[in-house]
Structure formats: C-alpha cells, structure tokens
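A short write-up of the structure that comes next.
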Amino acid sequence: MTETSRKSRLEAVQAALEPTQARALLLAAGEDIHYAVGWTPPGDERVTFLVVGAAGAAMVVPGVNATDVRLRLGHLPVLDYADDEGPAARLQEALALATGSAAGGGTLLLSDKTRHDHVMKVGHALHPDGVDLASQVMRPLRMVKDADELDRLRRTARIADEVFLVGAGAAARGASERDVQAAMLQAFRAAGGDGPSGQLVAYGANSAAPHHQPDDTVLADGPLWLDLGCRKDGYWSDLTRCVYIGTPTARYREIFAIVDEARQAAQDAVAVGAPASAVDQAARAVIERAGYGPYFVHRTGHGIGLEGHEPPFMMRGDNTPLAVGMTFSIEPGIYLPGEFGVRIEDVVAVTPDGAEVLPALSHHWVEVNR
C-alpha cells in the first residue's frame, strides 16, 4: 500500500468512527489493522493495538516487535513496551495521541477478535465508560473492496486455478487424499501463495461431508472434490471443483447438473441493491425444486477478502444490500450420506452489471483415467 493509500484508508476509518460517538477504535493485530494501514504485526499473548481517534492514530506493540513495526509502519507513532513493564502506560499515551486528550472515559470500540485478557487490560489501563465491537465501523468498510483489493483477489484466484489443476493431476487410482493435498500445498508455495489454508480433498463417501479433512483414504474409481485456497498479499482465494476417476455414473451426472444449475441461478441473482439472502434463495430454490433440499446443508456463500470467511453471508436472514465491490463465494452443494457429494464454488465480485467471476476454470468436472 502506498503512503497516499495508507493516508486515505486511515482517514476513511476515522470518518466512519465519527458518527458512532465512540472515543476511539482499538484495532487488534490481524485483519482490522491490515485493512487500516496495509500490514499487521503478529498477534500473540502480548497486547498489540492500533489506536485510532479523531486526532490521529498510534501503534502500541511489545518491544520484541517494535523494530519490524517501525520499518513497515514508520509513518505512525510506535509506542513499545517491555515484557516486564506491560502495555498500560503505552495504551494511555496512544489514546492521548489519537484523541487529543489524556482523560479517561468514553466508549472504546475493540476488534471483534480481541482476546478477552487483552480487553481486560484495556479496561484496567484506560477505564472506559463502555466497550463495544469495532465491527460497527470496520464491517461496512471492509465489505466493499477498492480497486487495489479487487486486483489482489483476482491474482490469488489465478493461483487457485493453477493449484486445482495440480491437485487434479495428482488424483489417481492408488493415491490417497493426503497425497493430493500435499501436491496442492507444494503448488501454492511454488506459485507464491503466502498463507495456504487447509486444502480439502474428499473422495467417494467422504465427499458427502462438506468439511471432510483429508485422510489416508485411497482413491479408486469414483467422485471427489477439491476445496482449496490461499492467501496472497493479504487476500484470500476459495475454489471448489470436482474430479471423477473413471466414468461418471448417471446418478452423479444428475446431481452435478442440479448443483451447477443452482450455482448459475445464484450467480444470476447477484445485483446491486439485492439482499445477500437473495443469492442463497436462488440457489436453494433450484435444489429444493429437484427434491434435494434437505441435502444442501450450508449457506450458499460467505464474504472473502482479508479473511477467508467474513461478511456478508449468502444465507437466510442476511439482508445486507449488495454493493459494487463486495466479494463473496457462491458454493451450493448436495451431500448424500453414504454415497457422495458435489460442490462447485467460485468467488465473485459485485459489479454494476452483476457478478464478475474471479476463477477462470470451467465448472465442469475433470475426468481422469489413471
């Protein structure tokens, strides 16, 4: 992120904070800090916060991370503390810098993922009148991606495309699910992914479990799906495609066709102003009409960006209006216990004209005979 982009991003966070009437935001190590300033220090048992208020922002970090933080975020005041000292005094200094006042009180908004012991340390150090969730400020900002974020998501989608082909190439009679997973993990590293997620490989009856973890199951003739993704430059990909070893059965072809129709219906439902739940309903209607409603056991999709799963969510009850720049998965599935499952997944971006599909791969299953 350029200095201009960092300044603009931080100003947007400050502007979004103002109407809440909260005194300051305390963003914990992780995605909230990354969004605000373009990089995040690591998080552990030591307190780390970016404190943001109307007057500015300051970082509070343990001394062990101070050198790296100053190298990367030297445009911000960086206040570090020794392990035996603790963060209280630095939190007080940071709050004064961010708000222009050393007085206590007011409402503080903390990142939703802040460790409970860190919340308690903030309370003891700053004595706020109240503590609430930072997502009321950060969620609307992070849901809508700017041009740079969209480019990063497109790049990581290209990596996922490449890695699926490697995984499909490793799928063969006699290989195990873990063998296929290992090939994909190696391919992610080779392609420059900087944070592979848990690659899912599900063969045969295992594919009827939506979150099956790869094990030593040996592949033979039959269906499998690969659910894969990685982080590149902070942003995630998520992709599911199907593979069939041997000749697909009529039963498999039937189920696959229904899931693919549901995927297309959900994609067609993406429109500016439509509620997120409409995407789910479009996919679910296809599967229910075919008589397999009870076997579609999860939401149709989830937001994606700095986190693999983030708002909005394509499910009943999430009526977030879709806006240009929102990015999320579309991943309907049918899971038949004791038989097999089919899932097809893309990440899409909302445009004025509907959905931009980020993966370039065909949706059809890959058929292998080896």
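Taking GluC sites (Glu not before Pro) across segment 276-370, none is in a DSSP loop with at most 11 further Cβ atoms lying within 10 angstrom of its Cβ. Under a 5 Å amide H cut-off, with hydrogens placed 1.01 Å from N, Glu310 pairs with Gly303, Ile304 among residues at least 5 apart or on other chains. For segment 290-370, the spread of Cα coordinates along the three principal axes comes to 41, 31, 25 Å, biggest extent given first.
Eigen-decomposition of the gyration tensor built on the alpha-carbon atoms of segment 147-368 gives equivalent ellipsoid semi-axes of 26, 22, 13 angstrom, largest listed first.
In this structure, the amide hydrogen of Met326, modeled 1.01 Å from its nitrogen in the peptide plane, lies closer than 5 angstrom to those of Lys145, Val350, counting only residues at least 5 positions away or on a different chain.
One way to sum up the overall shape of segment 3-142 is the equivalent ellipsoid from its Cα gyration tensor, whose semi-axes run 19, 18, 14 Å, largest first. Seen from Val218, the other residues with C-beta closer than 12 Å to its C-beta sum to a net charge of -3, counting Lys and Arg as +1 and Asp and Glu as -1. The alpha carbon centroids of segment 1-74 and segment 199-252 are separated by 38 Å. Panel order for Met314, Met143, by other beta carbons found within 10 Å of each beta carbon, from fewest to most: Met143, Met314. The distance from the alpha carbon centre of segment 321-370 to that of segment 119-156 is 27 Å, rounded to a whole number.
No value in this document is a laboratory result; all are computed from the given coordinates. In this text, all values refer to a predicted model and were calculated from it rather than measured experimentally. When we count neighbours, we look across all protein chains shown, and the Cβ atoms used for this are built from the backbone with ideal geometry, even at glycine.
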